Amino acid sequence: MTDGRALAREYLQQQRLLGGDPVLSGGGAPEQPPVDVPPAVAGPPAADAFDPAVLAPGVSYEPPSGDFFTADPIAQATTLDGVAALVAQCTKCKLCEGRTHTVPGEGAKDARLVVVGEGPGRVEDETGRPFVGPAGELLNKILGAIELTRESVFICNIVKCRPPENRQPQYDEVAACIPYLYRQIELLRPRVILAMGNTAAQSLLNTKQSLGSMRNRLHRFRGIPVIVTYHPAALLRNPNWKRPTWDDVRIARRLLD
């Protein structure tokens, strides 16, 4: 049998004859001859140099006009009436399927106070106006107690369509609808926001805190002071909450002054 070390020596000698072994000879790697690099292959033509001729026969091409990505129509609305028009044709969530009218909100276009509720009820759905049922009548009295009229404020809701059986709006419904409220507040630039009810407060302030823990505290929405209190419908069910609501709206009144 041939000795393994002899075979290894014979192999290394052959490698040295062919160009040297960098490991055992102690030298660096043998210099390699220069390699000719082929010219770079041209990439695809720029978008503005697109040649329609490359399309299959019978296929037409028209370059997009204007900005390919259209701007958000809500952000483009420059008036409250413009927002209301978008609300009227909205189908972003399933609440649109059972509505009679959308309820975008109403009030003064220079309102210093914005009242935000949860969502339209039966009477609101029938009329297209917010807070016009029994809860609305109580709201009018609350505003009158702090020397404000309904016409001098702006009244709206978190969702603009009535939830079935007046149930609480679901998360996806709030997420689809609340951009309209954001835009209304941006256009109004009120001095104070009065959030009435747990859904209104939690949705506007993006929190899971209870209404009780949010009362008697000053919150802010994009720099605007927010006061949290009970919804008028809740006061009709529990008159004991009228006194704390009175305390809350008086704070809002002081902020306005």
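Note on the stretch 122-139: among residues that are of a type outside the set (A, V, I, L, M, F, W, C), closer than 25 Å to residue 241 by Cα and open to solvent by less than 50 Å² (accessible area, probe 1.4 Å), the one that is modelled with the lowest pLDDT is 133.
Remark: pairs (first residue in the stretch 192-219, closer than 17 Å to residue 243 by Cα; second residue open to solvent by 30 Å² or more (accessible area, probe 1.4 Å) and of a type in the set (D, E, K, R); Cβ separation under 7 Å; 6+ apart in sequence or on different chains) = 197/118.
Comparison of 125, 110 shows that the only residue that is assigned to a loop (DSSP other than H, G, I, E, B), charged (D, E, K, R) and at negative phi is 110. On the given criteria, is residue 120 in a loop (DSSP other than H, G, I, E, B), touching a Lys or Arg at 6+ places or on another chain (Cβ under 6 Å) and either in contact (Cβ under 8 Å) with a residue 24 or more places away in the chain or not hydroxyl-bearing (Ser, Thr, Tyr) (or both)? The answer is yes for residue 120. Among the conditions (1) at pLDDT 95 or above; (2) open to solvent by 100 Å² or more (accessible area, probe 1.4 Å); (3) more than 29 Å from residue 245 (Cα to Cα), residue 68 misses just one, which is (1).
A single member of 198, 206, 216 is open to solvent by 10 Å² or more (accessible area, probe 1.4 Å) and touching a Leu at 6+ places or on another chain (Cβ under 7 Å), and it is 198. Looking only at the stretch 140-149, count how many residues are open to solvent by 70 Å² or more (accessible area, probe 1.4 Å) and in a loop (DSSP other than H, G, I, E, B). Number satisfying all stated conditions: 2. For the stretch 150-170, a residue qualifies if it is part of a loop (DSSP other than H, G, I, E, B), under 18 Å from the mean Cα position of the chain (by Cα) and surrounded by 23 or more Cβ atoms within 10 Å (Cβ to Cβ), and the qualifying residues are 158, 159, 160, 169. Just so you know, in the stretch 93-121 the residues that are over 21 Å from the mean Cα position of the chain (by Cα) and open to solvent by 60 Å² or more (accessible area, probe 1.4 Å) include one that is nearest to residue 231 (Cα to Cα), and it is 112.
Conditions (1) in contact with a Leu (Cβ under 9 Å, 6 or more places away or on another chain); (2) without any contact (Cβ under 8 Å) to a residue 60 or more places away in the chain; (3) within 20 Å of residue 83 (Cβ to Cβ), marked per residue:
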position: 131; (1), (2), (3): yes, no, yes
position: 147; (1), (2), (3): no, no, no
position: 158; (1), (2), (3): yes, yes, yes
position: 171; (1), (2), (3): no, yes, no
position: 179; (1), (2), (3): no, no, yes
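Return yes or no: is residue 229 under 20 Å from residue 140 (Cα atoms), crowded, with 20+ Cβ neighbours inside 10 Å and either in contact with a Pro (Cβ under 8 Å, 6 or more places away or on another chain) or not aliphatic (A, V, I, L, M) (or both)? Considered against the rule, which asks whether it is under 20 Å from residue 140 (Cα atoms), crowded, with 20+ Cβ neighbours inside 10 Å and either in contact with a Pro (Cβ under 8 Å, 6 or more places away or on another chain) or not aliphatic (A, V, I, L, M) (or both), residue 229 comes out as yes.
The values are calculated or read from the model by the stated rules, or taken from the named source; none is laboratory data. Keep in mind it's a predicted model, so treat the numbers as computed, not measured. Methodologically, a virtual Cβ is constructed for each residue, glycine included, from the backbone with ideal geometry; neighbour enumeration extends over all protein chains shown. Note: accessible area is taken over every heavy atom of the protein model, side chains too, but ligands, DNA and RNA are not part of it. Shrake-Rupley method; radii C 1.70, N 1.55, O 1.52, S 1.80 Å.
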